[in-house]
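Below: the structure, in structure tokens.
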Amino acid sequence: MTSALHFPALHRTHPRGWINDPNGIMRVDGRWHVYFQYNPYSARHEQIHWGHVSSADLAHWREEPMGPVPREGEADSGGCWSGVGLLDRGPGGRPDGAGVPTLVYSAVDGVDNALSRVVVARTDRGLQQLVDPGRVVAEVPDIPGLIGVRDPFVFEFEGRRWAIQGAGIQSDEHVAPVILLYSCDEIEHWEYVGELLRGDHPVAAQHAPAELWECPQLVQVGERWVLMLSLWYRPEMVARSTVQVNYLVGDLVAAPGGSPRFEPDGGGRVDQGPDFYAPQAVVDAEQGRVLMWGWSWEGLARTQDETDEQGWSGCLTFPRELGLEGDRLVARFPAELRALRGEPLDIARGQGVEAQVDLPAPFRAEVAIQGPATVEQIRGDGRVESLAVHDGGDAAVMIDGGILELLPAASTSSTVRLYPAEGDVIRVRGALVDGWLLGG
């Protein structure tokens, strides 16, 4: 393990290589499997494979054999980009009904990576190796003005299986985001059936403006449907647009012919950031909840030279359990993460509700909050930098080396990357009620 003070030792990362989007998340035979975009050769976004870890408790993870990797001469020769995992019970599924672990992903050829094809691959039951290395199930749809299509997501609606992809369509000088819809009752046979949602829908235009929607995630949270969208623009329009994820909340209704149509009536930010993108959501049917992981890449102020020197880049957030407060999407840490708690923190109590705890680097701690609070980084030379501010109500903050996750119970989460030096201190002050050191 790297000795860097900002290394997120409890999060999913590697001491070598590049990590981005979480992918292929599924629970199989009592064990969670999480894949992710991974370049084992450098701290740069290139030669993308699927890394793979698993856990029985969401808190302790072990590295597993990789999933899909680029194959020379195949549709994914340029990289195996984002997608999902599922237990396929369709034709060819196990006779006991348990399903076959199946990976569905964007295949890029290294020539025109904006226009990806969909590949389906299958693993053995233990997810130790690919037993079917992958075949194309959806070509690039023939849509005039299509500038990009990627990131398949599979869901069920009224007894049938459907899939969506994020896309962008150009008309004159204007580029609008679109969610493309496919039927895929048989996972190896996809049929393009039209659009689930267009960016010119007034609610979508207000709450999720973009040129292309990446990594669409469509899940039912309580009685409503939530569509999470990573907002993307062409580099000539926005140099680094991949820093914001918004959501739309609404209803999924059957259109004429039975295909679903999404009718949003509200929306907002999934995470205030600034270091959060491309989340993946998965329905945990056993626990009756929706879990989500996000990608937290190196902070905007971090240079490529600094990242190259450290030899690794990016990590996944802790898993989060999603909920709705009215129409606001909120998140909390799953109860399973309590297994990471160690010794109680020594919280200094002041007058009234004011309390304070100072954490030396490397910072690994959880703090429970019931009211206004502030998280600051105090540099060795005395400079104070604000990392996060919580306005009030219940919240939890977890800090692991170079990543801070603040999850308020009734408002929007925040994810921040930080880069401590020797002698730096994290100070959490305000309405603190409890806290623990975190360990493995």
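Quick notes on this structure:
- With a requirement of 2 or more residues that are of a type outside the set (Lys, Arg), touching a residue at least 12 places away in the same chain (Cβ under 8 Å) and surrounded by fewer than 16 Cβ atoms within 10 Å (Cβ to Cβ), the strands (runs of 3 or more DSSP E) lying completely within segment 198-271 that satisfy it span 245-254, 260-269.
- Residue, surrounded by the most Cβ atoms within 10 Å (Cβ to Cβ), within segment 326-338, restricted to residues that are more than 17 Å from Val245 (Cα to Cα) and modelled with pLDDT of 95 or more: Leu337
- Filter result for Ala410 (in contact with a strand residue (DSSP E or B) (Cβ under 8 Å, 6 or more places away or on another chain) and open to solvent by 10 Å² or more (accessible area, probe 1.4 Å)): yes
- Arg135 among the basic types (Lys, Arg), part of a strand (DSSP E or B) and open to solvent by 60 Å² or more (accessible area, probe 1.4 Å): yes
- Segment 332-440 holds strands (runs of 3 or more DSSP E) entirely within its bounds, and those carrying 3 or more residues that are touching a residue at least 24 places away in the same chain (Cβ under 8 Å), over 27 Å from Ser313 (Cβ atoms) and not aromatic (Phe, Trp, Tyr) map to 341-344, 355-360, 364-378, 425-438.
- Qualifying residue in segment 339-346 (condition: open to solvent by 30 Å² or more (accessible area, probe 1.4 Å) and at positive phi): no
- Meets criteria (modelled with pLDDT of 95 or more, β-branched (Val, Ile, Thr), within 26 Å of Pro70 (Cβ to Cβ) and in contact with a Leu (Cβ under 6 Å, 6 or more places away or on another chain)) for Ile164: yes
- Scanning segment 387-424 for residues being within 24 Å of Thr307 (Cα to Cα) and over 25 Å from the mean Cα position of the chain (by Cα) gives a total of 4.
- First in segment 138-167 and acidic (Asp, Glu), second anywhere and open to solvent by 20 Å² or more (accessible area, probe 1.4 Å), Cβ under 6 Å, 6 or more apart: Glu139/Arg117; Asp151/Glu214
- When restricted to residues that are closer than 30 Å to Trp297 by Cβ and at pLDDT below 95, segment 256-271 contains 0.
- Some residue of segment 237-249 being more than 19 Å from Ala176 (Cα to Cα) and not hydroxyl-bearing (Ser, Thr, Tyr): yes
The values are calculated or read from the model by the stated rules, or taken from the named source; none is laboratory data. In this text, all values refer to a predicted model and were calculated from it rather than measured experimentally. Every residue, glycine among them, receives a Cβ derived from its backbone with ideal geometry; neighbour counts consider all protein chains shown. Just so you know, the surface numbers come from the protein's heavy atoms only, side chains and all, with ligands and any DNA or RNA stripped out. Shrake-Rupley method; radii C 1.70, N 1.55, O 1.52, S 1.80 Å.
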